[in-house]
Amino acid sequence: MSLEVPARTLNVELLARELGNWRTSSRSGPAYQGLADALRLLIIDGRVPVGARVPSERALADTLRVSRTTVTAAYTQLQEDGYLVARRGARSTTALPVVPAARIEPAAPSVSLAAAALSAPAAAVMEAFTEATRDVTPYLHAPGHELVGVPALRQAIAERYCERGLPTEPDEIMVTTGALHAIGLILTTYVQPGDRVLVEQPTYHGALSSITTAGARPVPVALTESGWDFDALRNALHQMSPTLAYLIPDNQNPTGMTMPAADRNQLARIITETRTRTVIDETILDMWLDEPPPGPVAGEMTSRRDLVLTVGSMSKSFWGGLRVGWIRAERATIATIAALRPSIDMGTAILEQCAAARLLARRDELLPERREILRSRRAYLQSLLSQHLPDWDPGPGAGGMSLWVRLPAPMSTALSAAASRLGLDLPAGPRFGVDGTLERFVRVPYALPEEQLSEAVELLARAWRSVTGLSAPEPTTVVV
């Protein structure tokens with residue numbers, strides 16, 4: 001059976017908007033070169049998806065108000081550089097040049113920037129597990145298979161949604177073994193090999209892996225510097241008709257951006273209009289640093305609430321070692337997933353569920369302290385980058401656990417390899433995107449203690465100098 005996916009067609013008006021004032025890059029050279037450079041950067045940054053059909057030369061020339069010769073020359077330049085693939089009898093499609101893989105001989109990691117997560121609030125977690133050993137007693141007289149979760153935890157999770165303005169009953173909750181497990185259960189239930197799943201670009205790399213493991217193809221819609229582009233989102237949903245959409249509107253991983261309330265209402269209308277079943281990942285919901293996020297996207301749905309499945313987790317808020325997550329959805333949806341779950345597992349560990357319920361009861365006590373830790377470490381990381389890597393440009397995201405940093409040049413993979421050789425584990429930007437794009441970006445978490453952040457940034461600076469040939473910047477005084 002062929003799983004070939006129809007090529008996506010770039011909307012000429014949206015492409016022109018993304019190009020912006022591209023003529024500024026052609027002031028010292030021909031116009032076609034400036035246009036080619038601007039298109040190339042859109043492809044590298046993932047703002048234009050790989051494998052998409054570009055507009056016809058005439059259509060783009062008319063929209064940009066340039067000669068058709070300029071567009072023809074720009075397309076020809078991109079084909080020669082490997083960023084466009086010509087197709088006989090059809091429009092060219094975007095691509096990335098094939099580069100031989102570099103051999104990496106890593107040193108033993110001394111510090112890791114691979115995970116964006118805090119350590120546990122140790123005393124509180126120990127107390128929760130001590131109390132959980134008593135709470136688990138009634139379950140010892142049964143087989144211990146809880147396909148949807150223990151009542152105490154489901155009740156505690158439901159109460160959180162009620163507090164946020166989304167009326168929820170415990171039977172609208174399924175407890176899972178972490179958020180990634182929840183995503184996997186949803187994919188198993190609703191996605192078949194060859195299906196398309198719409199995702200933001202960049203997005204959580206674990207979700208991308210789950211999508212591809214399920215045999216589905218992620219369809220990227222680029223985030224802009226100001227957030228979500230709903231014209232592009234609607235256009236992709238209509239063109240590609242994905243089976244599922246996966247979005248992170250709260251402290252988005254990796255950008256840290258949060259979708260405003262008005263935009264959530266617009267997203268709800270698009271979901272209803274296109275009838276697209278949508279996974280809303282709230283894993284990093286509690287890690288807001290400047291302003292609390294608006295209410296849940298599901299609460300904006302005036303109809304067809306069955307289309308929205310919300311995923312949550314204890315990992316970022318409390319401790320990843322708990323391995324407790326959940327799905328919030330309509331009762332019929334929970335029942336459908338529960339019917340398929342025994343083919344994957346027989347439920348989440350009960351002791352951990354009881355401990356999670358105890359921790360959720362203390363959330364108003366524990367979460368403010370954890371947010372304050374992150375605020376302090378974010379400021380410290382920003383000062384380190386300003387001192388050691390002043391040409392790097394951290395993005396505007398104001399929440400989460402990491403900075404999404406734009407590099408001066410598209411060298412993220414080379415930087416990651418150089419860092420690995422120095423003993424620093426740093427995922428390259430393309431790990432957070434589709435088809436190898438995002439080479440001008442890197443995610444730098446600030447969840448580590450300050451001493452480890454200092455070591456990590458020093459290694460980052462050394463790695464950057466090794467791939468660019470730049471010398472170290474002059475020492476500067478940084479006030480934190």
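The values are calculated or read from the model by the stated rules, or taken from the named source; none is laboratory data. These figures come from a predicted structure and were not determined experimentally. No Cβ is skipped: glycine too gets one built from the backbone with ideal geometry, and neighbour counts run over all protein chains shown. The protein model used for the area step is the full one, side chains on, heavy atoms only, and it has no ligands, DNA or RNA in it. Shrake-Rupley method; radii C 1.70, N 1.55, O 1.52, S 1.80 Å.
Taking the convex hull of the alpha carbon positions in the chain and averaging its projected area over all directions gives 25.1 nm².
Placing R0 at 22 angstrom, the Cβ-Cβ distance between residue 134 and residue 155 gives a FRET efficiency of 0.80 after rounding to 0.05. Separation of segment 327-394 and segment 294-319, taken as the distance between their Cα centroids, equals 13 angstrom.
When a 1.4 Å probe is rolled over the protein heavy atoms, the share of accessible surface on segment 245-394 that falls to carbon and sulfur comes to 48 percent. Proximity of backbone amide H atoms, modeled 1.01 Å from N, is registered between residue 201 and 221, 222, 223 at under 5 Å, excluding neighbours fewer than 5 places apart on the same chain. For the chain, the relative contact order comes to 19 percent (Cα pairs under 8 Å, sequence separation of at least 6).
Principal axis extents of the Cα atoms in segment 329-378, from largest to smallest and rounded to whole angstrom, are 45, 23, 19. If you take all other residues with their beta carbon under 11 Å from the beta carbon of residue 256, and give Lys and Arg +1 and Asp and Glu -1, the sum is 0.
Per-residue accessible area (protein heavy atoms, 1.4 Å probe) orders 126, 301 as 126, 301, starting from the largest. With all projection directions averaged, the alpha carbon convex hull of segment 133-249 covers 9.9 nm². Placing pseudo-labels 7 Å out from each Cα toward the beta carbon at residue 375 and residue 362 gives an inter-label distance of 2.2 nm.
Note on exposure: 364, 286, 195, 62 ranked by accessible area (1.4 Å probe, complete protein assembly) read 364, 62, 195, 286, with the most exposed listed first. Give the shape of segment 365-404 as rounded, prolate or oblate, defined through the alpha-carbon gyration tensor: a ≥ b ≥ c are the square roots of its eigenvalues, a/c under 1.5 means rounded, and otherwise the shape is prolate if a/b is larger than b/c and oblate if not. The shape class here is oblate. Each residue, residue 114 and residue 230, gets one label point 7 Å from its Cα in the Cβ direction; the gap between the two is 3.9 nm. With each label modelled as a point 7 angstrom along the Cα→C-beta vector, the residue 17-residue 462 pair spans 4.6 nm.
For the chain, the per residue solvent-accessible surface stands at 43 Å², with DNA, RNA and ligands left out and a 1.4 Å probe.
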